[in-house]
Amino acid sequence: MDILDIIDKKEKRQKLSREELKYVIDGYLNGSIKDYQMSALLTEIDLLGLTEEETINLTDIMLNSGEILDLGFDNITDKHSTGGVGDKTTIVLAPLVASLGVKVAKMSGRGLGHTGGTIDKLESIKGFQTSMTLNQFKEQVNKINIALVGQMGNLVPADKKIYALRDVTGTVDSIPLIASSIMSKKLASGASNIVIDLKVGNGALVNNLEEAKELANLMVKIGKNNNKKTACVLTNMDEPLGYAVGNSIEVLEAINTLKGHGPEDLTNLVIKLASLMVSMGLNIEESEAEEKVKENLYNGKGYEKLLEWVEAQNGDINNIPLAKHSKIISSPKEGYISAINALEIGKLSRKLGAGRLTKDEKIDLTVGIIINHKVGDYIKKGVPLAQIIYNEKEITNDDIISCFKISEEKIEKPKLIIDIIK
Ligand code: URA
């Protein structure tokens, strides 16, 4: 077998066997297949796709390229977001479902590009520890049903190496490559139930609904093939989720949501995702799960679990620092907000220092942007449109204003939950 023949075969639109895919992954990991060869193959895959069978095989080979965590529990429920702007959902729903007896043993990532990451957000709570040993992790889950850390162990090294190459070769948006990347990591992290929040829209990895459905179907199929209950929720990411975009300000919004005072879109998304997780985790009907979720969201039990969780990971919930300065940007005209460009808001937040372009960049957890309105809202000229919370790095009022489209015609609020595939 040789890599050139494999690239040639793909070019001719022929199916790659499991052995050929394994040869590629092993060879790339051990260095016998070079970056430029792998990049040629990834480009062919990006252009021509993979069959379902090839994607399932590729996922399995990647999954087995490293450690597979055995947490010693037989019913862990995990949630994954494909990444968006203002997405603080995990910080609300993880303690909420844990408060209902569902075990959450979760690994999360850091922000990259215009999207944020849960680990950065949690680190804006003074003292919050995002790493621990596997034993401490298991003990904490056993004791309080919830632990959340950064990547642990040598899970899916093949994805680490391939994702870094995809990032710089324009092959991040390939549906089979996304499916195998996400699902290999979810399967390696030891969860038995998986809920995926697949963001669709201009602030998301996937902008197009047809492609999002294809990706969702593929991931659900891979999950089921591995005997995991899997559900994929397609949600709108054309405007930021909630009002806050940054790190500490997102944690504050998440806390308010657990106190029952969250933004409508975030609250509804949390209820939907949490209901699926609780339904899978406790093996009950989704309608019954939803009742339980709402109960613990509004009776304070979810919030109490958040306090217990933050304390267990050494965080001080009363110490979430904010940047030194803030300024309000007013609306330049009257009308209905017809669009809020999530991608641009994400980039502006990064420009303030809240995000990073490269993995090692240091970020400012205290800065960000608060939008004061959502798509569909009617606003008068001169009312606050958004607020910038900043330190040394600044952006202009016009930068923010250009993210908003304001029109004379009435605009309906967009649908947040577009579809559920399971
Ligand atoms: N998230 C991942 O983990 N992998 C992808 O390929 C895309 C998003």
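Here the gap between A339 and S402, fully extended at 0.36 nm per residue and compared with their Cα-Cα distance, gives a gain of 21.6 nm.
Put a plus charge on the Cβ of each Lys and Arg, a minus charge on the Cβ of each Asp and Glu, and nothing anywhere else: the dipole of the chain about its Cα centre is then about 560 debye.
So, by mean Cβ neighbours within 10 angstrom, what's the order for 86-92, 244-250, 322-328 with the highest one leading? Don't jump to the answer; show the numbers that get you there.
Numbers: 86-92: 27.4, 244-250: 29.6, 322-328: 14.1.
The densest-packed peptide leads the list: 244-250, 86-92, 322-328.
Amide H contacts for T235 (H built 1.01 Å from N in the peptide plane; partners 5 or more residues away or on another chain; cut-off under 5 Å): L198, K199, V200, I418. Pairs of Cα atoms nearer than 8 Å and 6+ residues apart set the relative contact order; for segment 181-244 it is 44 percent.
Considering every alpha-carbon pair of segment 77-312, the percent of pairs per 5 Å bin, from zero through the bin containing the longest distance, is 1, 7, 14, 19, 22, 18, 12, 5, 1, 0. Relative to the compact-globule estimate of 2.2 N^0.38 Å, the Cα radius of gyration of segment 255-338 comes out at 1.48.
Estimated from helices alone, the mean residue ellipticity of the chain at 222 nm is -13500 deg cm²/dmol (sum of -39500 (n - 2.57) over DSSP H runs with n ≥ 4, per residue). Selection among N225, V206, T171 by position relative to the dipole of segment 144-226 gives N225 as farthest towards the positive end (Cβ unit charges, Cα centre).
Near A386, the amide H atoms lying under 5 Å from its own belong to I329, N372; only residues 5 or more places off or on other chains count, and H is placed 1.01 Å from N. Residue by residue, segment 83-97 carries 3J(HN,Hα) couplings of x, x, 10, x, 8, 10, 3, 4, 5, 8, 7, 4, x, 5, 6 Hz when phi is fed to the Karplus relation 6.51 cos²θ - 1.76 cosθ + 1.60 (θ = phi - 60°); x denotes Gly or Pro.
May I ask what percent, to the nearest 5, of DSSP beta bridges between residues of the chain are antiparallel? If I count the DSSP bridges inside the chain, around 55 percent turn out antiparallel. Among G203, G368, G49, the largest mean-square fluctuation in a Gaussian network model of the chain (Cα springs under 10 Å) belongs to G49. Between L252, G368, I317, the Cα set farthest toward the positive side of the dipole of segment 236-376 (charges on each charged residue's Cβ, about the Cα centre) is that of G368. Using a Gaussian network model on the chain with a 10 Å cutoff between Cα atoms, which of N256, N207, N135 fluctuates the most? Evaluated over the chain, the most mobile residue of the options is N135. Using a cutoff of 8 angstrom between alpha carbon atoms and counting only pairs six or more residues apart, the relative contact order for the chain works out to 20 percent.
The alpha-carbon of K351 sits under 25 angstrom from the alpha-carbons of these lysines, leaving out residues fewer than 8 places away in its chain: K88, K121, K126, K199, K324, K327, K359, K362, K374, K393, K405. In sequence order, segment 361-366 has phi-based couplings of 4, 7, 10, 9, 6, 9 Hz under the Karplus curve 6.51 cos²θ - 1.76 cosθ + 1.60, θ = phi - 60°, and Gly or Pro positions carry x.
Can you tell which of Q14, Q129, Q313 shows the greatest fluctuation in a Gaussian network model of the chain with Cα springs below 10 Å? The residue that fluctuates most here is Q14.
If both residues of a DSSP beta bridge must be in segment 77-312, then about 5% of such bridges are antiparallel. Each part reduced to its alpha carbon centroid, segment 313-331 and segment 332-363 end up 17 Å apart.
Taken as Cα centroids, segment 126-189 and segment 55-116 sit 7 Å apart, rounded to the nearest whole angstrom. Radius of gyration over Kirkwood radius for segment 175-292, both on Cα atoms: the Rg/Rh ratio is 0.98.
Given the C-alpha centroids of segment 194-253 and segment 376-422, what is the distance between them in whole angstrom? Each part reduced to its Cα centre gives a spacing of 21 Å. Taking every Cα-Cα distance in segment 339-408 and sorting them into 10 Å bins from zero, the calculated P(r) comes out as 19, 50, 24, 7, 1 percent. Here the label points at D35 and E295, each 7 Å from Cα along the C-beta direction, are separated by 5.5 nm in the simple model.
Across segment 378-422, Cα-Cα pairs farther apart than 18 Å form 54% of the total.
The relative contact order of segment 3-48 comes to 46 percent, based on Cα pairs under 8 Å that sit 6 or more residues apart.
Extents of segment 3-48, taken as max minus min of Cα coordinates on every principal axis and listed largest first, are 27, 21, 15 Å. Per the Debye formula with a single identical scatterer at each Cα and no solvent contribution, what log10 I(q)/I(0) holds for the chain at q = 0.07, 0.09, 0.11, 0.12 Å⁻¹? Debye output, listed in q order: -0.34, -0.56, -0.84, -0.99. Taking amide H atoms as placed 1.01 Å from N in the peptide plane, the amide H of T230 lies under 5 Å from those of I194, each 5 or more residues away in sequence or on another chain.
Positive end of the charge dipole of the chain (Lys, Arg +1 and Asp, Glu -1 on Cβ, about the Cα centre): tell me which of I418, T396, L241 has its Cα farthest that way. In the chain, that residue is T396. Per-residue 3J(HN,Hα) values for segment 242-259, derived from phi via the Karplus relation 6.51 cos²θ - 1.76 cosθ + 1.60 with θ = phi - 60°, read x, 10, 9, 10, x, 10, 4, 5, 6, 5, 4, 5, 5, 4, 4, 5, 6, 8 Hz in sequence order (x marks Gly and Pro). Over the Cα atoms of segment 82-181, each weighted equally, I'd like the Debye log10 I(q)/I(0) at q = 0.11, 0.19, 0.20 Å⁻¹, rounded to two decimals. The Debye formula, applied to the Cα set alone, gives -0.41, -1.09, -1.16. Extending 7 Å from Cα along the Cβ direction at E392 and again at L209 yields two label points whose distance is 4.6 nm.
Rule-based calculations on the coordinates, nothing more; no lab input. Please read these numbers as outputs of a predicted model, since none were measured by experiment. Counting neighbours? That spans all protein chains shown, and the Cβs are built from the backbone with ideal geometry, glycine included.
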